[in-house]
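For reference, the structure is listed below as structure tokens.
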Amino acid sequence: MNSTKIDVIVVMHKMTHQKVRAEEKKGAIPMLDGTIQQVYDVVTVNNFDNKNSLLRILEKWKNGNFGNIDEDHNYFWSLQDGEVGEAYGKLSPAEEAEFIKNNFRYMTQ
């Protein structure tokens, strides 16, 4: 609950990597319901200047809506002054499964 805005942005950015197409991705955190809820809880109790935007994105994710996940990624990417790795689309279900297999081995065992 004592996470900073930057901590939240980094976590949410890394969560999007599971679902987006980008030339370069640094880090990955599984996009799991429990993780989404934890981040939502942190944002809810804090007064970040972009709290409403973060909550809107988290609400979509909580509802399983990842239709604009590439735009969500690029929002976090721009907040971190991204220069390489802008998202340019979404992974197919098969590509996402491969990403999970390659990055979260403990989840596929």
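Readers should treat all values here as calculations from the given coordinates under stated rules, not as data from a laboratory. Just so it is clear, the model here is predicted, and its values are computed rather than measured. Every residue, glycine as well, gets a Cβ built from its backbone with ideal geometry; the counts of neighbours run over all protein chains shown.
Only one of the numbered conditions (1) without any contact (Cβ under 8 Å) to a residue 60 or more places away in the chain; (2) closer than 14 Å to Thr16 by Cα is violated by Tyr88, and that is (1). Restricted to region 1-76, the set of helices (runs of 4 or more DSSP H) holding at least 3 residues that are under 21 Å from Asn103 (Cβ atoms) and of a type in the set (Val, Ile, Thr) comprises 5-16, 33-45.
If we scan region 64-84, do we find a residue that is under 12 Å from the mean Cα position of the chain (by Cα) and aliphatic (A, V, I, L, M)?
As a first pass, look at region 64-84 and keep what is under 12 Å from the mean Cα position of the chain (by Cα): 66, 68-77.
The next check asks that each one be aliphatic (A, V, I, L, M); those that pass are 69.
Within region 64-84, one or more residues are under 12 Å from the mean Cα position of the chain (by Cα) and aliphatic (A, V, I, L, M).
Residues that are of a type in the set (Gly, Ala, Ser) and part of a helix (DSSP H, G or I) were ranked within region 85-108; the one that is farthest from the chain's Cα centre (by Cα) is Ala94. Report yes if some residue within region 78-98 is exposed (fewer than 12 other Cβ atoms within 10 Å of the Cβ), at positive phi and not small (Gly, Ala, Ser); otherwise report no. Within region 78-98 (the criterion being exposed (fewer than 12 other Cβ atoms within 10 Å of the Cβ), at positive phi and not small (Gly, Ala, Ser)), the answer is yes, since at least one residue qualifies. Close Cβ contacts (under 9 Å, 6 or more residues apart or on different chains) running from residues in region 1-27 that are touching a residue at least 40 places away in the same chain (Cβ under 8 Å) and crowded, with 17+ Cβ neighbours inside 10 Å to residues that are assigned to a helix (DSSP H, G or I) and among the basic types (Lys, Arg) comprise Lys5/Lys51; Lys25/Lys14.
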